[in-house]
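Reading through the structure tokens given below for one structure.
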Amino acid sequence: MHKPELLAPAGSKEALIAAIQNGADAIYFGGPTLSARHDAALTHDELEWAIDYAHINKAKAYVTVNTLIKDPELEKASEYLQFLCNAGADAVLVQDIGILRLLKDQLPQLPVHASTQMTIHNIEGVQSLEKMGVKRIVLARELSLDEIRRIKSQTNIEIEVFIHGALCFSYSGQCLFSSMIGDKSGNRGYCTQPCRRKYIIDGAKGHLLSPKDLNISEHIGHLIESGIDSFKIEGRLKHPEYVAGVVRIYRSLIERYLENPGDFHVSYDEQHTLRQLFNRGFTQGYFFGNPGSNLMSRQQPHNQGTYLGQVVKYDWERKFAYIQIEQPLRIGDGIGTQGRGTGTTVRSMYINNQGVESTPACATVKIPMEKTVYRNETVLKTYDFRLMESLGIKGVMKRIPIKMSFTAKHGEPAALCITDGENEVMQTGDVPQRAKGGRISEDSIIRQLKKLGNTIFKPENIKVNLEADIFIPISQLNTLRRTAVKRLEKERTKNWKRTCSKPGIIFDGQKIQNKSLPLLSVNTCSLETFKAAVDGGADVVYFGEENFTGHLLTIEDYRFAIEYGKEKRVEVYLGTPRIAKKPDRFDSFPDHNGFLIANMGVLHNLLHSGKKSLVIDYPLNVFNRLAMAHYLEHCQRVTLSPELTLDEIKQIAPHGMVECIVHGFFPVMVSEHDLLGELFPDDKIHDALLEDVKGFTFQVKNDGGGRTYIMNSRELCMLDHIPELIEAGVNCLRIEAKTYDRKTTGKLTGLYRKAIDNRINGHCGSESTSGHYFRGVL
């Protein structure tokens with residue numbers, strides 16, 4: 001039976017050790033830059049140690065380089081990739097298509113895994129990356145197990161999926177929420193987790209965007225049977241004890257199923273431990289269908305712990321809570337009330353007014369609590385001191401047995417031979433002295449050779465061949481031992497080291513000279529706004545998917561739009577969605593000018609079908625010239641990421657045909673979860689306003705198929721900066737009009753038409769925003 005890899009997170013050296021010592025087959029971690037968990041990174045000096053430590057312990061080391069990279073950062077990124085290649089990383093995880101292409105062309109010896117940030121969710125997307133030489137793909141977390149099986153059965157690439165840990169509300173790689181509200185981009189490793197905050201929608205209040213944590217432990221057998229290659233645990237921001245506990249349990253579950261599938265079970269203690277380590281409530285995610293409201297943890301976005309008991313009463317004067325508990329409690333444990341987050345660390349507690357260190361289950365305990373709690377409130381144990389102590393890495397490190405043989409003879413250098421059964425090193429030292437007083441004993445030599453300290457080795461057998469009247473200083477023995485051990489460590493890792501050349505940042509083609517005035521494009525999703533854009537003076541109108549009107553477009557609607565565009569001599573491009581489980585549905589559309597592509601699978605399918613008039617849309621996250629150059633080999637124009645500044649666009653635009661969004665509301669989150677349908681199942685509403693604690697409101701749209709789109713709170717407007725955009729070399733300026741009516745679409749199209757034709761500025765309202773054009777992102 002196929003045995004999947006168990007892949008664990010490591011946000012620190014301690015977490016890395018904990019993962020490997022508890023049974024991880026591989027670990028993933030990031031460095032100080034270019035990693036999607038900026039706050040959970042190893043230092044540059046620790047990276048090679050981490051790779052070596054993994055390899056010494058026969059585990060694999062994957063390094064995350066899964067952020068979008070700006071043009072000025074490409075040179076340092078190239079140096080970093082060379083370093084990782086030389087250090088022996090088993091693979092790098094990548095989001096940026098430009099970096100992926102660079103690795104394919106210039107560092108083919110360094111394997112590439114496509115990050116879940118690439119939003120790969122269909123067979124065609126997998127085939128596209130397979131063609132580019134990607135070894136493994138981390139699929140989007142919104143896929144069902146049946147969909148994963150189909151992908152696995154129709155491709156020849158390794159598949160990795162998340163099995164435990166935190167979930168994002170939005171499709172990974174499609175979230176701009178953090179950057180738009182605070183300039184910290186999730187695509188750059190700085191997500192501020194806006195999905196964990198409080199919101200209000202039409203009277204519904206709470207942490208409305210906060211998912212539960214994924215836990216697939218009880219169904220691990222189904223995933224093993226599906227042939228998935230790697231089971232990934234989320235948690236680079238978690239403490240080492242969490243990593244140790246979760247890895248240990250999943251290691252046991254995988255082995256248990258492989259040994260006897262018919263008798264597979266998850267014990268109560270294992271379930272309890274997973275809950276105690278961290279949970280926001282558990283969900284199976286999308287593996288067995290859309291979970292609906294069961295996906296969400298709307299009352300509490302943080303660790304819920306395990307059920308402890310209920311408040312019997314609260315002493316207001318002395319600040320004591322009396323709690324009837326149903327599981328043991330100890331000094332050092334953490335407790336909190338459900339929902340409100342009121343909690344404390346237990347420093348003292350009493351039963352019948354007698355201080356106790358620990359309690360049995362089913363007792364009433366008195367605990368000092370400064371914050372008021374109320375009768376019948378549920379109390380949770382959020383931290384189990386004894387459990388965490390048992391999962392600490394001290395004293396539990398697995399060590400590799402070695403055999404040592406020491407020889408000391410007169411007139412010959414002392415020699416120490418060490419072997420781990422596969423590798424052997426011989427280290428020689430100084431010629432030993434003749435003993436003037438007492439000779440050194442074999443026991444003394446053995447005691448010194450045993451002192452392997454914090455190394456990963458343990459002495460299994462030590463032989464000493466010692467001639468009479470030999471004296472060796474203890475310091476020389478220690479030096480000999482340390483040097484030999486270091487050599488053995490290097491011997492165990494040398495096969496993984498490489499000699500790699502630094503990739504060159506080379507751009508094909510020269511700057512485009514004498515660019516004409518930019519085209520004006522308008523993105524629409526209804527016939528009324530489509531006609532308004534055409535009549536208002538647009539050069540290109542995108543028409544189609546991600547429809548927020550509540551009216552699904554028909555083939556007749558498309559035919560009408562295409563004919564209307566021909567009649568008015570306006571180019572009509574059919575818009576395709578960023579999420580498309582069946583990309584081949586666009587092959588049979590009526591004749592038109594081309595496609596707007598927001599999905600790698602759709603791009604692969606249309607290229608395979610011979611379609612050539614293609615425009616890359618911004619969800620494909622083009623952030624640098626390498627990414628732009630890759631797509632322009634197949635497409636006529638590339639829409640740049642809305643997270644780039646105008647200065648950054650100026651560096652890219654002169655080198656290719658680029659498009660920029662200059663006006664409108666566009667999604668900052670795209671979710672498979674039907675937020676409005678689950679909150680208001682009887683109302684059948686397709687749009688509403690999401691309000692945060694600061695009073696900012698965000699339009700929430702439903703595409704008619706249950707998918708949720710959350711729009712930016714403020715309208716993007718660049719009318720005040722049209723000459724600057726023209727000077728930057730942008731080839732096409734786009735209005736996102738999918739949230740507008742006919743009148744607004746027509747008016748805006750006319751204003752931008754006039755501003756472009758006359759190279760003049762228009763005027764933006766006081767409530768609008770220039771987005772990231774002048775403030776950028778981290």
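Looking across region 165-187, the residues that are in contact with a Ser or Thr (Cβ under 9 Å, 6 or more places away or on another chain), closer than 21 Å to residue 233 by Cα and not in a loop (DSSP other than H, G, I, E, B) come down to 186, 187. Within region 189-222, the set of residues being among the charged types (D, E, K, R) and not in a helix (DSSP H, G or I) comprises 197, 198, 202, 205, 212, 213. If the condition is being closer than 27 Å to residue 169 by Cα and either among the small types (Gly, Ala, Ser) or part of a helix (DSSP H, G or I) (or both), then region 728-748 contributes only 737. Determine, yes or no, whether residue 299 is modelled with pLDDT under 95 and surrounded by fewer than 22 Cβ atoms within 10 Å (Cβ to Cβ). Against the criterion (modelled with pLDDT under 95 and surrounded by fewer than 22 Cβ atoms within 10 Å (Cβ to Cβ)), residue 299 qualifies.
Could you check region 364-398 and list, in sequence order, the residues that are of a type in the set (D, E, K, R), part of a loop (DSSP other than H, G, I, E, B) and open to solvent by less than 80 Å² (accessible area, probe 1.4 Å)? Explain how you work it out, then say what you get.
Filtering region 364-398 down to residues of a type in the set (D, E, K, R) leaves 366, 370-371, 375, 377, 381, 384, 386, 389, 394, 398.
If we keep only those that are part of a loop (DSSP other than H, G, I, E, B) as well, we get 370-371, 375, 377, 384, 394, 398.
Hits for region 364-398 are 377, 384.
For region 513-531, which positions are open to solvent by less than 10 Å² (accessible area, probe 1.4 Å) and touching a helix residue (DSSP H, G or I) at 6+ places or on another chain (Cβ under 7 Å)? Scanning region 513-531 gives 518, 520, 522, 524, 529, 530. Comparison of 690, 778, 725, 751 shows that the only residue that is crowded, with 22+ Cβ neighbours inside 10 Å and either touching a residue at least 24 places away in the same chain (Cβ under 8 Å) or assigned to a loop (DSSP other than H, G, I, E, B) (or both) is 690. Of all residues in region 73-116, those satisfying the criterion of being open to solvent by 20 Å² or more (accessible area, probe 1.4 Å), touching a residue at least 40 places away in the same chain (Cβ under 8 Å) and either farther than 14 Å from residue 504 by Cα or among the small types (Gly, Ala, Ser) (or both) are 86, 109. Of the candidates 638, 615, the single residue that is of a type in the set (Val, Ile, Thr), open to solvent by less than 20 Å² (accessible area, probe 1.4 Å), farther than 14 Å from residue 729 by Cα and at pLDDT 95 or above is 615. Condition first: open to solvent by 40 Å² or more (accessible area, probe 1.4 Å), under 30 Å from residue 778 (Cβ atoms) and at pLDDT 95 or above. Can you find one or more residues in region 594-609 that meet it? No - not one qualifying residue is present in region 594-609.
Examine region 653-669 for a residue that is assigned to a loop (DSSP other than H, G, I, E, B), out of contact with any helix residue (DSSP H, G or I) (no Cβ under 7 Å at 6 or more places or on another chain) and within 24 Å of residue 778 (Cα to Cα), and state whether such a residue exists. Yes: one or more hits.
From the list 84, 93, the one residue that fits, being hydrophobic (A, V, I, L, M, F, W, C), touching a helix residue (DSSP H, G or I) at 6+ places or on another chain (Cβ under 9 Å) and part of a helix (DSSP H, G or I), is 84. Within region 309-352, being among the acidic types (Asp, Glu) and farther than 21 Å from residue 278 by Cβ holds for 315, 317. Quick check on this structure: which one of 561, 580, 627 is under 27 Å from residue 77 (Cα atoms) and small (Gly, Ala, Ser)? None of the other options fit; the residue is 627.
Residues 456, 440: which one is modelled with pLDDT under 90, among the β-branched types (Val, Ile, Thr) and touching a Phe, Trp or Tyr at 6+ places or on another chain (Cβ under 6 Å)? Let's see the steps before the verdict.
Working: 456 fails: touching a Phe, Trp or Tyr at 6+ places or on another chain (Cβ under 6 Å).
Of 456, 440, the one residue that is modelled with pLDDT under 90, among the β-branched types (Val, Ile, Thr) and touching a Phe, Trp or Tyr at 6+ places or on another chain (Cβ under 6 Å) is 440.
Using the structure shown, decide if residue 498 is touching a residue at least 40 places away in the same chain (Cβ under 8 Å) and within 32 Å of the chain's Cα centre (by Cα). In short, yes.
Taking region 194-219 on its own, how many of its residues are closer than 24 Å to residue 1 by Cβ and in contact with a Lys or Arg (Cβ under 9 Å, 6 or more places away or on another chain)? The qualifying residues number 2.
Considering every residue within region 52-61, establish whether at least one is surrounded by 23 or more Cβ atoms within 10 Å (Cβ to Cβ), assigned to a strand (DSSP E or B) and under 16 Å from the mean Cα position of the chain (by Cα). Within region 52-61, not a single residue is surrounded by 23 or more Cβ atoms within 10 Å (Cβ to Cβ), assigned to a strand (DSSP E or B) and under 16 Å from the mean Cα position of the chain (by Cα).
When we screen 672, 659, 571 for residues that are open to solvent by 10 Å² or more (accessible area, probe 1.4 Å) and touching a strand residue (DSSP E or B) at 6+ places or on another chain (Cβ under 7 Å), the only hit is 571.
Within region 117-143, the set of residues being part of a loop (DSSP other than H, G, I, E, B) and surrounded by 20 or more Cβ atoms within 10 Å (Cβ to Cβ) comprises 119, 120, 121, 122, 134, 139, 140, 141, 142, 143. Number of residues in region 402-420 that are among the small types (Gly, Ala, Ser), surrounded by fewer than 19 Cβ atoms within 10 Å (Cβ to Cβ) and on the phi < 0 side of the Ramachandran plot: the value is 2. Note on region 340-354: among residues that are open to solvent by 60 Å² or more (accessible area, probe 1.4 Å) and assigned to a strand (DSSP E or B), the one that is nearest to residue 311 (Cα to Cα) is 350. Considering 591, 584, 647, the condition of being surrounded by fewer than 24 Cβ atoms within 10 Å (Cβ to Cβ), among the acidic types (Asp, Glu) and either part of a strand (DSSP E or B) or at pLDDT 90 or above (or both) is satisfied by 647 alone.
Residue-by-condition table, conditions (1) open to solvent by 60 Å² or more (accessible area, probe 1.4 Å); (2) hydroxyl-bearing (Ser, Thr, Tyr); (3) closer than 15 Å to residue 405 by Cα; (4) not in a loop (DSSP other than H, G, I, E, B):
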site: 458; (1), (2), (3), (4): yes, no, yes, yes
site: 493; (1), (2), (3), (4): no, yes, no, yes
site: 500; (1), (2), (3), (4): no, no, no, no
site: 503; (1), (2), (3), (4): no, no, no, no
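Please find, among 476, 448, the residue that is open to solvent by 40 Å² or more (accessible area, probe 1.4 Å) and assigned to a helix (DSSP H, G or I).
On the way: 448 fails: open to solvent by 40 Å² or more (accessible area, probe 1.4 Å).
Of 476, 448, the one residue that is open to solvent by 40 Å² or more (accessible area, probe 1.4 Å) and assigned to a helix (DSSP H, G or I) is 476.
One residue stands out among those in region 531-560 that are farther than 24 Å from residue 518 by Cβ and in a helix (DSSP H, G or I): the one that is modelled with the highest pLDDT, which is 560.
The values are calculated or read from the model by the stated rules, or taken from the named source; none is laboratory data. Here the structure is a predicted model, which is why all the values come from computation and not from measurement. All Cβ positions, glycine included, derive from the backbone under ideal geometry; neighbour counts span all protein chains shown. All accessible areas refer to the heavy atoms of the entire protein, side chains included, with ligands and DNA or RNA removed. Shrake-Rupley method; radii C 1.70, N 1.55, O 1.52, S 1.80 Å.
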